[in-house]
Amino acid sequence: MPVSLSSALVKHAIESYPGRIFVSSVHPGAVDTEIQDQVKSAFGQVLGTILTTLQTPFLRTPGEGSIGTLWAALSPEIEEKNYQGVYIPDPGKIGGETKQTQDPTLEKNVWDLCHRLMTRKMGKDGLLPWNEELECGVGVNE
């Protein structure tokens, strides 16, 4: 999840929710996947193949790239240290995001765009506050 969106999600939805939901932005690093084939499309087959061959030894495997996400989902440290809305580039490492992602105007714009798109797709009742009781009588703490 983009850092600006995770910060906005915490501010607009999670902070008012009484449960223990943690939101973070996890970066897997440069991972050796089929996406690297775009280099061939961008630079041509010959140069693209050379560039891909040169960069591959420095890329993480998909398994290595998934470790940060697993750490964010499973580590007790997330809740113990209240890592809410943080950027996680590697397991156990917090922070390092760019200054652009800390721009409150950008954060607001990202949230407003996502809110408009979700409302357009799900309807105005699709985004009810998380801390209210549902019409069926089920409360958020049940």
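The values are calculated or read from the model by the stated rules, or taken from the named source; none is laboratory data. Because the structure is a prediction, the values reported are computed rather than measured. Because the Cβ atoms are built from the backbone with ideal geometry, glycine has one as well, and the counts that use them run over all protein chains shown. Protein only, heavy atoms only, side chains kept; ligands, DNA and RNA dropped before computing areas. Shrake-Rupley method; radii C 1.70, N 1.55, O 1.52, S 1.80 Å.
Screening Ile21 with (1) under 23 Å from Val110 (Cβ atoms); (2) open to solvent by 40 Å² or more (accessible area, probe 1.4 Å); (3) not in a loop (DSSP other than H, G, I, E, B) gives one miss only, at (3). Restricting segment 29-55 to residues that are under 25 Å from the mean Cα position of the chain (by Cα) and open to solvent by less than 50 Å² (accessible area, probe 1.4 Å) leaves a set whose member that is modelled with the lowest pLDDT is Gln36. The lone criterion from (1) in contact with a Pro (Cβ under 9 Å, 6 or more places away or on another chain); (2) without any contact (Cβ under 8 Å) to a residue 24 or more places away in the chain left unmet by Val26 is number (2).
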